[in-house]
Amino acid sequence: MSGLSRIRWAIAPKTAPRPLINCNRCGTVKAYCCSGKFRVNANGKRIDVWLIYRCIDCDNSWNFGILERCNRRDIEPERLAALESNDPALARRHAFDVVALRSRVGRVEEFPDVAVHKQRLGDTRESATGLELQLRLEMLTSLRLDRLLAGELGISRSRLQAMEERRLLVVDPEGAKALRKPVRDGGTILIDLGGEPDREDIIRTAGG
C-alpha cells in the first residue's frame, strides 16, 4: 500500500468501572462509584490505604483496598503524599484497575465510552490512499475495535467487516475476529482505501 497517512490515536476511557456490591442499606446489589478520595490509616509504622466508593442510590460507602499493613518505609514519599492529598491522577489509575476490582468483588460494570486524541505523524499526503492507525491506550477499555473504528471513521461495522474479509483492513497484532475484540494498546490498523470513493473524507475524519 503506497501513500499512507499515519495517525496516532491516544485513547482514554471516560467512565470508571463500577463494582456491583450487595448494599446493606438498599438491601440489594447496587453499583458503587469511585469518590476519588483515599482513606489513609496509620497504626504505628504500618499503613492501610483504601479508595472510597459510594452506592449510587444511598451513598453508602465501600472501601477498595490499595495497601494493607504496609510499612511506611516501603512506600515512596511521593506516592504517600499523593495518597494523603487525594491526587486525582492516582485515584483515576486505581479506579480504572478493573482486574483488581474483579479480584475483590467479582462483578464489575464496565463502560465503553472513550475520548480519542488524534495526532498526525509527519506530513499527510493529499494523494494518500490508505491509513495507518497507531493505537495507544491510557488504560484498559471494554470498547470493541469495530465500534471504535466505526465511530471515529464514520464507517459502518458491516463495511469494516467486509474490508477485513477482503484483506483491505489488517490488524496488527492480528488474531481471529480481531475487530470484535476490545481495543488493544500498541495495536496498528492498516486500511487500504485505494478503491473507496469516500477515501479523502475517511482520511480527513481519521485525523480529527
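The values are calculated or read from the model by the stated rules, or taken from the named source; none is laboratory data. All of these numbers come straight from a predicted model, not from anything done at the bench. Every residue, glycine among them, receives a Cβ derived from its backbone with ideal geometry; neighbour counts consider all protein chains shown. SASA here: full protein model, heavy atoms, side chains in, ligands and nucleic acids out. Shrake-Rupley method; radii C 1.70, N 1.55, O 1.52, S 1.80 Å.
Approximating the spin labels as points 7 Å out from Cα along Cα→Cβ, the E200-to-Q119 distance works out to 2.8 nm. With contacts taken as Cα pairs under 8 Å at a separation of at least 6 residues, the stretch 1-47 carries a relative contact order of 23 percent.
Shape analysis of the stretch 1-79 yields a ratio of the Cα radius of gyration to the Kirkwood radius, Rg/Rh, of 1.24. Taking a point 7 Å out from the Cα of R102 in the direction of its Cβ, the residues of the stretch 164-190 whose backbone N falls within less than 14 Å of it are 182-183.
Split the accessible area of the chain by element, probe 1.4 Å, and carbon with sulfur accounts for 44%.
In the context of the full protein assembly, K177 retains an accessible surface of approximately 140 Å², using a probe radius of 1.4 Å and ignoring ligands and nucleic acids. Look at the alpha carbon pairs under 8 Å that are at least 6 residues apart: their mean separation over the length of the chain gives a relative contact order of 27 percent. With a Förster radius of 25 Å applied to the beta-carbon distance between C58 and S85, the computed FRET efficiency rounds to 0.35.
Roughly what % of DSSP beta bridges within the chain run antiparallel, to the nearest 5? Expressed as a percentage, antiparallel bridges in the chain total about 85. Surface analysis of the chain yields an accessible area of 56 Å² per residue, using protein heavy atoms and a 1.4 Å probe. The aspartates and glutamates whose alpha-carbon is closer than 16 Å to the alpha-carbon of K177, local same-chain residues fewer than 8 away aside, are D146, E164, E165. With only Cα atoms counted, the chain has Rg and Dmax values of 21.7, 70 Å. Relative to the current alpha-carbon distance between R136 and R180, full extension at 0.36 nm per residue lengthens the span by 14.1 nm. By the equivalent-ellipsoid construction on the alpha carbon gyration tensor, the stretch 111-198 comes out with semi-axes of 20, 17, 12 Å, ordered largest to smallest.
Taking all Cα pairs closer than 8 Å and separated by 6 or more residues, the relative contact order of the stretch 89-208 comes to 33 percent. The value given for the stretch 32-126 is a Kirkwood hydrodynamic radius of 15.6 Å, derived from the mean inverse Cα-Cα separation. If you sort D97, D172, D74, D146 by accessible surface, 1.4 Å probe, largest first, the order is D74, D172, D97, D146. Taken along the Cα-to-beta-carbon direction at a fixed 7 Å, the label points for V170 and K37 span 5.4 nm. Note on I56: accessible area is roughly 80 Å² with a 1.4 Å probe, heavy atoms of protein only.
Distance from the alpha carbon centroid of the stretch 40-66 to that of the stretch 134-152 works out to 31 angstrom.
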